[in-house]
Number of protein chains: 2
Amino acid sequence: MARKLSTLDPQRLDNQICFAVYSAAHAFNRVYKPLLDRLGLTYPQYLVMLVLWERDDVPVKDIGERLFLDSGTLTPLLKRLEAAHLVKRTRSSEDERQVLIALTPQGQSLKERARSVPQSILAASACSVSELVAMKDEIVALRDRLNAVIGE
Amino acid sequence: MARKLSTLDPQRLDNQICFAVYSAAHAFNRVYKPLLDRLGLTYPQYLVMLVLWERDDVPVKDIGERLFLDSGTLTPLLKRLEAAHLVKRTRSSEDERQVLIALTPQGQSLKERARSVPQSILAASACSVSELVAMKDEIVALRDRLNAVIGE
DNA sequence: TCACATTTAATTGTTCGCAATTGAATGTAG
DNA sequence: CTACATTCAATTGCGAACAATTAAATGTGA
């Protein structure tokens, strides 16, 4: 019996989409790093700021649902953003279990300084916007199918 | 002047391919977790094993180039695989700077037990093989363009 | 009202991931 | 052969990421 051709071997690293996604995520991170360094943000912190620039004064849980992250990741991250004077953390008075995250004026104004980031990423992608949008939609659809499986 | 529609706003989270990739990587990780738990591996450890199952007795640097990881990540990870009796680390006698990573018999035989993993991932992806291969190729091409930019 | 479950953040401990540095081995130019 | 640079792995320090647990607040059923 002939051995499986390596280009079809499902156990081969280069045939696995998960490694493609994993390594692409790291490549994005490395492209973002010098851009975000100037803003004093890490990439996950930048994601949190993107969420807050869309809507402010939201509980930690909402940010977590948006980014698929839990309090174990977000609590220390938000404390660092607070230490950097970009957000304020306050217990909700209606529901004392919740901690509401609000932008400070510095946090608000950082949005302007971050405006050029997406274009830089687009340039580094060396790819048309329409192609990127199509890929993004496919990847999001795949992610959502995977997340559906996790919830059984 | 009209404000940009949010579906076109490049600063909007859901319009960013990097977040799609980032969140898909985490979704994959969560799907892999129960499968790899049974093998006693984390996902990055599984990637290292995939590399070693293809070719054995290679220096740390080769594994790093394959997975885009450096010694700061790999050294402790490989020590954990050694502690789990899956690999052996030995200084090369030809070049004493290199540490060669070889599979133990347990490390070799784990490949059989891991054979079903890719099918489980395929099932969770809820997607045809040809679609996945096409997506993988696109993502790899994007990753390689990003990595090309990093190297200036 | 009282007991119990649920929700929400925080905490603890382990593992990645990377920048920066170190130290030893090797390569190279003069 | 002697300086000097380069390569390679290890180390240190910091910031994610997540499982598991904790504690407080809230919701619910009897």
I'd like to know which of A:Val140, A:Cys127, A:Gly151 lies farthest towards the positive end of the charge dipole of the range A:111-152, counting +1 on Cβ of Lys and Arg and -1 on Cβ of Asp and Glu.
A:Cys127
Restrict the search to the range A:15-107; then list the trypsin sites (Lys or Arg not before Pro) that DSSP places in a loop and that have at most 11 other Cβ atoms within 10 Å of their Cβ.
A:Arg38, A:Arg55, A:Arg97
Give me the extension gain from B:Glu131 to B:Arg91: residue separation times 0.36 nm, minus the current Cα-Cα distance, reported in nm with one decimal.
10.1 nm
Loop-only trypsin sites (Lys or Arg not before Pro) in the range B:98-129, please: DSSP not H, G, I, E or B, and at most 13 other Cβ atoms within 10 Å.
B:Arg115
With the crude spin-label approximation of a point 7 Å out along Cα→Cβ, what separation in nm comes out for A:Ser120 versus A:Asp70?
3.3
Under a crude label model (7 Å from the Cα following the beta-carbon direction), how far is B:Lys61 from B:Asp14 in nanometres?
4.8
Cα extents of the range B:83-152 per principal axis, largest first, Å, are 45, 41, 18
Taking the protein assembly as shown and counting helices only, DSSP H stretches of n ≥ 4 at -39,500 (n - 2.57) each over all residues, the nearest-500 ellipticity at 222 nm comes to -20000 deg cm²/dmol
GNM result for chain B, Cα springs below 10 Å: residue of B:Ser93, B:Ser125, B:Ser109 fluctuating most strongly
B:Ser93
Are any of the pairs A:Lys61/B:Lys33; A:Lys33/B:Lys61; B:Lys61/B:Lys111; B:Lys111/B:Lys136; A:Lys79/B:Lys79; B:Lys79/B:Lys136 more than 26 Å apart by Cα-Cα distance, and if so, which?
A:Lys79/B:Lys79; B:Lys79/B:Lys136
For chain A, take every pair of Cα atoms, bin their distances at 10 Å starting from 0, and report each bin as a whole percent.
9, 30, 32, 19, 7, 3, 1, 0
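Give the average, rounded to an integer, of partner chain Cβ atoms located within 10 angstrom of each Cβ in B:117-125.
Rounded to a whole number, the mean comes out at 4.
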Counting other chain Cβ atoms within 10 Å of each Cβ in B:63-71 and taking the mean gives 2
Taking the Cβ-Cβ separation of B:Lys79 and B:Lys111 as r and a Förster radius of 25 Å, what is the calculated FRET efficiency to the nearest 0.05?
0.75
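Just flag the GluC sites (Glu not before Pro) in the range A:74-140 sitting in loop per DSSP whose Cβ has no more than 16 other Cβ atoms within 10 Å.
A:Glu94, A:Glu96
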Compute, for A:Val117, the solvent-accessible surface of its heavy atoms (probe 1.4 Å) with the complete set of protein chains present, and express it in square angstrom to the nearest 10.
10
Per the axis that maps chain B onto chain A, nearest residue of B (Cβ criterion) and its distance in Å
B:Ala25, 2
Using only the Cα atoms of the protein assembly as shown, what are the Rg and Dmax in Å?
21.3, 71
Mind checking which helices in chain B clear 30 Å along their axis (Cα) and have mean Kyte-Doolittle hydropathy of -1.0 or more, DSSP H runs only?
B:129-150
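The values are calculated or read from the model by the stated rules, or taken from the named source; none is laboratory data. A quick note: this is a predicted structure, and the numbers were derived from the prediction, not measured. Using ideal geometry, Cβ is built from the backbone for each residue, glycine included, and neighbour counts are taken over all protein chains shown. The area values use the complete protein model at the heavy-atom level, side chains included, leaving out ligands, DNA and RNA. Shrake-Rupley method; radii C 1.70, N 1.55, O 1.52, S 1.80 Å.
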